[in-house]
1. Summed for both chains, how many Å² of accessible area, to the nearest 100, are buried between A and B with a 1.4 Å probe?
2. On a C-alpha basis, how far is the centre of segment B:165-179 from the centre of segment A:169-220 in Å? Whole number, if you could?
3. With +1 on each Lys and Arg Cβ and -1 on each Asp and Glu Cβ, and nothing else charged, work out how big the dipole of the protein assembly as shown is about its Cα centre, in Debye to the nearest 20.
4. For segment A:14-70, what's the relative contact order in percent, using C-alpha pairs closer than 8 Å and at least 6 residues apart?
5. Distance between Cα centroids, segment B:202-235 to segment B:254-297: provide it in whole Å.
6. Let me check against my output: what whole-number percent is the relative contact order of chain A, with C-alpha pairs under 8 Å and at least 6 apart?
7. Toward the positive end of the charge dipole of segment A:20-160, about the Cα centre and with charges on Cβ (Lys, Arg +1; Asp, Glu -1), which of A:Trp87, A:Gly104, A:Pro140 goes farthest?
8. What three numbers, in Å, describe the spread of the alpha carbons of segment A:164-255 along their principal axes, ordered from the longest?
Amino acid sequence: MSVASQDTAIRTGRAVRVLIYLVLVLFSLFYLLPLYVMVVNSVKPLDEITGGGMMNLPQVFTIEPWLKAWSSAQIGVEPTGLSPYFWNSIKMVVPAVAISTVLGALNGYVLTKWRFKYDTILFGLMLFACFIPFQIVLIPMARMLGLMGLAGTTSGLVLVHVVYGIGFTTLYFRNYYAVFPTELIRAAQIDGAGFFQIFWRILLPSSGPIAVVSVIWQFTNIWNDFLFGASFAGADSQPMTVALNNLVQASHGVKEYNVHFAGAILAALPTLLVYIVAGRYFVRGLMAGSVKG
Amino acid sequence: MAMQANADFKTRLQTLLPKLVLSPSLALMLVFVYGFILFSVYLSFTDSRLLPSYGWVGFENYSKLWRLSHWETSLINMAVFASLYITICTFLGLGLAIFLDQKIRAEGMLRTIYLYPMALSFIVTGTAWKWFLDPGIGLENVMQSWGWTSFEFDWIKNRDFAIYTVVLAAVWQTSGFVMAMFLAGLRGIDNEILKAAQMDGASNWNLYRRIIIPQLRPAFLSAFVILSHLAIKTFDLVIALTGGGPGRATELPATFMYSYTFSRNQMGIGAASATIMLMTIAAIMIPYLYAELREKK
């Protein structure tokens with residue numbers, strides 16, 4: 001991967017280059033279109049949308065839809081807006097990301113630096129668990145959460161997300177630690193350093209890039225999850241995605257498209273911010289980990 | 001003497017510690033993944049309806065499942081959706097990656113634009129496309145208000161075309177990611193070979209066809225594995241975009257399983273459909289993971 005950022009040796013003529021730029025710009029319009037639609041329509045009055053002006057800039061600018069989506073729109077039966085659900089998501093995401101990342105780091109450390117018989121098979125089992133269709137665990141999970149007294153709670157959702165997130169976090173840390181020089185670990189062992197000391201003093205200080213990858217990945221996946229939220233959340237632990245879907249699908253009353261768009265942006269903002277602020281560390285960290293696992 | 005025992009205990013603890021640290025994750029995985037899989041597969045052979053029940057019925061749920069037109073529809077939809085989604089994402093991703101690889105000025109910005117949909121929830125994507133494609137307020141209405149009065153675009157409300165709107169939204173969301181995978185592959189290709197071939201007078205078309213694209217095999221394979229497993233798991237997008245409708249025009253196995261298990265109280269059949277989904281994914285993932293892990297040894 002040392003050549004990872006080299007330029008291609010391919011040379012292209014002027015006409016071809018113009019064409020390439022044209023195609024690239026056209027596609028960027030395609031990718032930006034839904035974002036444009038959401039943003040412009042979230043700040044205009046409803047009649048401007050229903051009157052055929054979805055693609056137009058707002059004639060009357062209003063933040064009313066945003067306020068309504070946040071604090072007074074009808075979600076299910078309560079006119080609470082999306083704000084309580086936003087906090088539900090935060091309360092679920094923060095512990096779930098933290099726990100799964102810590103466990104992933106420890107697992108990656110053990111699986112690369114304290115290898116034992118059959119460790120590859122164990123890792124394979126963990127990895128496969130990342131890709132299962134979650135439909136296969138929905139029924140027993142509902143039973144298990146009930147038995148544990150966690151049905152319909154945020155803690156239950158945290159548990160679910162930790163369990164099904166460990167595979168990915170372990171994968172990231174394992175690939176990253178695999179290229180960390182094992183001689184350093186052996187030298188520290190000879191000097192009498194123990195298991196946790198080595199992890200704490202030697203591996204952890206250089207784990208920044210992969211921790212960023214793990215945190216971004218987990219944050220995005222858990223924030224955006226709908227299936228587990230819809231299946232296991234109770235009335236007061238529903239995450240943002242479930243609430244947004246309830247808002248948009250509500251069959252009664254006037255469809256307030258502008259409020260729907262504002263709500264959709266609210267649901268997208270945290271992950272979009274993370275992507276814009278830290279996206280480049282994500283790619284860089286992934287590159288560092290994928291040198292050779 | 002006591003010191004000796006203490007030291008012994010310490011070394012033994014040190015050798016045990018790695019396994020101790022790994023064990024909570026392993027226990028969670030064995031119970032919540034593999035134990036649950038066994039339990040669901042078991043339920044698919046029982047007469048469970050609203051709640052799990054343990055009366056053994058053999059393959060009855062499976063034979064019922066395969067006779068349901070609802071299941072057949074969701075499988076046909078899956079075939080249409082998955083083949084288009086995988087093909088379009090792969091070609092679009094490869095095309096954009098090749099274009100972006102031509103020393104493009106604003107590459108960083110374009111990459112960010114192509115990739116940002118990956119950060120969004122399928123519910124957000126579904127909501128945006130749902131209203132944009134809605135004939136009442138979206139594209140059709142806009143075109144008509146701009147003066148093109150005969151313009152019609154009602155795919156999302158049309159039984160024969162609704163599945164293509166799911167393809168459109170899904171491609172929009174993940175093609176940028178596939179582009180990034182191919183771009184990483186392109187940047188890893190050795191320029192010396194290309195320069196040598198250029199000296200021999202090879203055209204750009206031939207360079208790509210004979211040298212570059214064949215070298216992207218690993219990227220093609222990863223893209224295929226990731227896209228196919230995403231396709232089989234597609235659930236939220238359909239819920240938000242079409243709700244499985246109109247009629248059953250966009251039902252997929254994942255939405256089928258959910259409605260049979262949780263709203264129609266046919267848990268046995270739901271479990272059987274989930275088992276088939278798992279088998280399909282396993283048939284793709286296990287050979288891939290096996291090859292990957294063996295290589296890395």
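1. Details: alone 17150 and 18280 Å², together 26380 Å².
Using a 1.4 Å probe, the pair buries roughly 9100 Å².
2. 35 Å
3. Roughly 1560 debye for the protein assembly as shown.
4. Numbers: 33 pairs, mean separation 17.0, N = 57.
Dividing the mean separation by the residue count of segment A:14-70 yields 30 percent.
5. Segment B:202-235 and segment B:254-297 have Cα centres spaced 24 Å from each other.
6. On the way: 328 pairs, mean separation 84.7, N = 293.
Dividing the mean separation by the residue count of chain A yields 29 percent.
7. Going by the Cα projections, it comes out as A:Gly104.
8. That gives 72, 21, 18 Å along the principal axes, largest extent first.
The values are calculated or read from the model by the stated rules, or taken from the named source; none is laboratory data. Just so it is clear, the model here is predicted, and its values are computed rather than measured. As a convention, Cβ positions derive from the backbone with ideal geometry for all residues, glycine included, and neighbour counts pool all protein chains shown. For accessibility, only protein heavy atoms count, side chains too; no ligands or nucleic acids. Shrake-Rupley method; radii C 1.70, N 1.55, O 1.52, S 1.80 Å.
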